[in-house]
Structure formats: C-alpha cells, structure tokens
1. With the other protein chains left in place, how much accessible area per residue, in square angstrom, belongs to the chain at a 1.4 angstrom probe?
2. Among the trypsin sites (Lys or Arg not before Pro) in the range 165-242, which ones are in a DSSP loop with at most 10 other Cβ atoms within 10 Å of the Cβ? Mind listing them?
3. Through the Karplus equation 6.51 cos²θ - 1.76 cosθ + 1.60, θ set to phi - 60°, convert the phi angles of the range 141-150 into ³J(HN,Hα) values in whole Hz; use x for Gly and Pro.
4. Looking at the chain as a GNM with Cα springs under 10 Å, which of Gly164, Gly112, Gly62 has the largest mean-square fluctuation?
5. Residues with amide H under 5 Å of Lys132's amide H, sequence separation 5 or more or different chain, H placed in the peptide plane at 1.01 Å from N; which?
6. Using only Cα atoms and rounding to the nearest 10 degrees, what angle (0 to 90) does helix 25-41 make with the longest principal axis of the chain?
7. Considering only protein heavy atoms and a probe of 1.4 Å, how much of the accessible area of the chain is carbon and sulfur, as a whole percent?
8. Loop-only check: which trypsin sites (Lys or Arg not before Pro) in the range 33-140 are DSSP coil with at most 12 other Cβ within 10 angstrom?
Amino acid sequence: MAFDNLSEKLQNVFKQLRSKGSLTEADVRAALKEVKMALLEADVNFKVVRQFTKTVQEKAIGQDVMNGLNPGQMVIKIVHDELVSLMGNDKAELPLKPGNEITVYMMIGLQGAGKTTTAAKLAGKLKAKGRKPLLAACDVYRPAAVKQLEVNGAKVGVDVFSMGDRKNPVDIAKAAVEHAKASGYNVVLLDTAGRLQIDEQMMDELVAIRQAVTVDASVLVVDAMTGQEAVHVAQTFQEKVGIDGVILTKLDGDTRGGAALSIKAICGKPIFYVGMGEKLEDLEQFYPDRMANRILG
Ligand code: GDP
C-alpha cells in the first residue's frame, strides 16, 4: 500500500517529538532531517523535499511553537498542513457541463499506465452519478485495445463508440462527439492511444484531436509505481499537449508514494482520482487532507 514505509518512518519521528515536554531548536532540526530522509526514500522529488523542509522549518522554529503548550503536536500539525498544501489543498473536480451539454474528456498516457481501464472506471462513476457517458475507442494501434474497451464498457454498463482500427483517431473522436450529440449522451471519454515511450507522433496526434474537438479536460493517466518517472511523464505531456490534471493508477501497488506527493508541486496540475486496484470499482477521488492523514497515521 502507498506510503506504508513513509508512514512508519514519520510516525517514529513524531513519537519522539511528542514524548518531549519542550523542544529546542536542535530537536526540531534533527526531527526535520529525518522527515527529509523519509520523503527522499519515498521517492519524492528532491526539489519538492527541499522546499517542503525549508517551509516546515521556518514555521516550526519560532517562539510561538517552541514555547507553546504542546510543541511536538504543533510541529506535527505544521507537517500535516504542508503535506496537504503540497498535494493541492482541496480535492480537484473534473469539469462537467450542465444538463445535456456534452462534456469531453481526453484520456491520455503511456501504454500500460492503465488508461483504458481507468476510462471505463471513470465512465462507470459518471453513470452512477446519473450522467450518460459514452466511451470512444480512439486507440487504433494497440492490438485488442478496442476490444478491451468494449469488454470493460460492458462491465460498467457504458456504451462504446468504435470504428474499428482502420480509421484515423481524429476522425473517430469527431464522429464520437457527433454520435453523442445525436444519441443523447452527455459525457464523451476519448480513450486515446498510448506508446511505450513518449514520441513526437503520439504528441502530434493528441494535439490534433484537441484541435478537432472541444476537449473540456485533458486527463493524464500515470502509473504511480514508476515513481519520479511518472512526474517526468506528466511534465512532458503538460508541455507538449497540455493537461488539466492527473489520475494516478496502481497506488495500491506502490509502497513509496513519491509521485502522489510530487506531481502537483512540479507540474502545477492536480490529481483528480487514484486507481486502487484492477477492479472497475477501484477508483477513488483524491483528497489531499485524507491522504495526509493516511501518511501521518
Ligand atoms: P493502457 O495501456 O494504459 O490502456 O493500460 P490498461 O488499462 O490496459 O492497464 C494496464 C494494466 O494495469 C492492466 O492489467 C490493468 O488491470 C492494470 N491496472 C490499471 N489500473 C490499475 C490500478 O489502479 N491498480 C492495479 N493494481 N492495476 C491497475
């Protein structure tokens, strides 16, 4: 489970802080040094760690905190609040147009990140909220991608628009939105093609889709288990295509959690949801405060 190691380390540091009636500056510095190590071991981006410890230190080393009634507890609260801030403070919501106006999400990401599965998970959630989603199969390159989307769509009870694998993804995206308009759907989720690595052709195709249809949210699906690589991927997609936020998959299998703590700070884009398993109901809204509570135990 994500953050298991980080959680254990931070809890040890804080147990010591709590046990002291008063704190010296040296106590706080020593504790923050351990917090820093724990964050680095959790694979949090080093720039993020540096800024984080600097901010916490500035807030924690001061007369108000150290002469307070319960200084250990106050330092823990500062760390908690900074973790929440690092992850974006409030939960981020995907935009949804009212009534029958069509909202379009473009799901993008590298192959294997969990894009197709996540598109179906998200469509299932929207359906449960009373929306009428349509999944559109724009991945014409990966063998069996269309079929996989159809199978997952059927499992969550959401229709899938496909034109096979002979058509251009831009034409499929346009046709999917037209079909949605004509048939009373109000959310279209475009499942685009991924590659094993970022390449120019892939980026150009995504930009072309964005130009051809009105995309309300460009949602990057990234694999949390790849750690800092996930952050690098997010940065690149942000530069080349533009993203509105991220869905971080496989957080159930990532014991470190560094990507979840770095993406907002590095890319400036929020995490909308996290994938917590292979089953189609395993998609959770991302709440920075709950995540910080989970980390601090
Ligand atoms: P795509 O190539 O990006 O479309 O990736 P897929 O949707 O085919 O997913 C790749 C693999 O990751 C599949 O085996 C999925 O079941 C798995 N997967 C997707 N999301 C999650 C998740 O949140 N947790 C776990 N454990 N596995 C996931």
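The values are calculated or read from the model by the stated rules, or taken from the named source; none is laboratory data. Model, not experiment: these values are computed from the prediction. Don't worry about glycine lacking a Cβ; one is built from the backbone with ideal geometry, like all the others, and counts go over all protein chains shown. Note: areas computed on protein heavy atoms with side chains; ligands, DNA, RNA excluded. Shrake-Rupley method; radii C 1.70, N 1.55, O 1.52, S 1.80 Å.
1. Roughly 45 Å² per residue, with all protein chains present.
2. Those satisfying the criteria are Arg166.
3. With the stated coefficients, the range 141-150 comes to 9, 6, x, 6, 5, 5, 4, 4, 5, 5 Hz.
4. For the chain, modelled as a Gaussian network with Cα springs under 10 Å, the answer is Gly62.
5. Amide H neighbours of Lys132: Asn186, Val187.
6. Taking Cα atoms only, the helix is inclined about 30 degrees.
7. 48
8. In loop regions of the range 33-140 (DSSP not H, G, I, E or B), the sparsely surrounded trypsin sites (Lys or Arg not before Pro) are Lys129.
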